[in-house]
Amino acid sequence: MSLNSPLDISRWSLAALSTQLFRYYEDRIPYDASVLVVSNHRSFMDALVLMAALSRPIRFACHHYMGQVPIMRELVTSQLGCFPLEDIKHRQQSFFAQSQVLLQSQQMVGVFPEGTAPMVKSTQPNQLGEFQRGFAHLALRASVRDLAILPIAIASLEEVNTAGVPLRLLSLFDPSEALFNQPGWHPLVIYRRVAVLIGNPYWIKPQHQKQYQGKQAKTVVNELTEHCHCEIANLLRQGCY
């Protein structure tokens, strides 16, 4: 099998890890449109799982340190097509600039709005953290026609939990990340059986973009963020049976 695309690598990796993937509501996936995938995040496997479930390459925004660690940098950027964010001072600007270019070319962009926290702390499969609002700002300010936000829940049905690397080792590659400046190990969650539940797409319409100005901007951003959080939380409850 050729491993010359992110989709091939995703499928091969899940097969190599003997991961069973179950997909629900695939009829909700938009086609012939720009799509911003928003999902919960607990495992290094999440990007692989989402690409395999949607049968499409997804350009994921990933943590700054992933672009600094040798070997990992080549895997996530060259092989999987992810784009590491800049350091904390330039992170937001970098995220908006790179994501808009990708969306304008109708590529699928993936975002994990819980950020780094659930990756470095042991969490339960049905647990969902607070969402950062950057993806909502991106969707509302992007100059893209036919843009859909696609909320997706990754529900672990069976998994193995182990330890990866010391957190303080990662701080060598990204000293600005406070979560790395603590004792303990970076947990690794390996899915054995995992369900991917696809939510209803949220289409960004001209009226949303008109509301994204002045005092109304905060309200529409909060509404969009909360909508996606609630949608994923509901799907997660369905999946984690």
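Residues being open to solvent by 10 Å² or more (accessible area, probe 1.4 Å), under 13 Å from W203 (Cα atoms) and touching a strand residue (DSSP E or B) at 6+ places or on another chain (Cβ under 6 Å): count how many of those fall in region 104-145.
Count: 1.
Would it be correct to say that G199 is at pLDDT 90 or above and not hydrophobic (A, V, I, L, M, F, W, C)?
yes
Among P151, P187, which is the only one that is on the phi < 0 side of the Ramachandran plot, part of a strand (DSSP E or B) and either in contact with a Lys or Arg (Cβ under 7 Å, 6 or more places away or on another chain) or modelled with pLDDT under 90 (or both)?
Only one candidate qualifies: P187.
Output the number of residues of region 90-122 satisfying the condition of being modelled with pLDDT under 80 and within 27 Å of P187 (Cα to Cα).
Counting residues in region 90-122 that are modelled with pLDDT under 80 and within 27 Å of P187 (Cα to Cα) gives 10.
Restricting to region 50-72, and then to whatever is over 18 Å from L7 (Cα atoms) and out of contact with any Leu (no Cβ under 6 Å at 6 or more places or on another chain), can you tell me which residue is modelled with the lowest pLDDT?
Residue satisfying both the conditions and the ranking: G67.
Looking only at residues that are among the polar types (S, T, N, Q), part of a strand (DSSP E or B) and surrounded by 14 or more Cβ atoms within 10 Å (Cβ to Cβ) in region 1-41, which one is modelled with the lowest pLDDT?
Ranking the candidates gives S34 first.
Rundown of residues vs (1) open to solvent by 40 Å² or more (accessible area, probe 1.4 Å); (2) over 17 Å from the mean Cα position of the chain (by Cα), yes/no style:
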{"site": "I190", "(1), (2)": "no, no"}
{"site": "I198", "(1), (2)": "no, no"}
{"site": "Y202", "(1), (2)": "yes, no"}
{"site": "Q207", "(1), (2)": "yes, yes"}
{"site": "Q213", "(1), (2)": "yes, yes"}
{"site": "K218", "(1), (2)": "yes, yes"}
{"site": "V221", "(1), (2)": "no, yes"}
{"site": "H229", "(1), (2)": "yes, no"}
{"site": "Q238", "(1), (2)": "yes, yes"}
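The values are calculated or read from the model by the stated rules, or taken from the named source; none is laboratory data. Given the structure is predicted, the values throughout are model-derived calculations rather than measurements. Ideal geometry is used to build each Cβ from the backbone, glycine not excepted, and the neighbour counts take in all protein chains shown. For the accessible areas, the whole protein counts, side chains as well, though only heavy atoms, and no ligand, DNA or RNA atoms are used. Shrake-Rupley method; radii C 1.70, N 1.55, O 1.52, S 1.80 Å.
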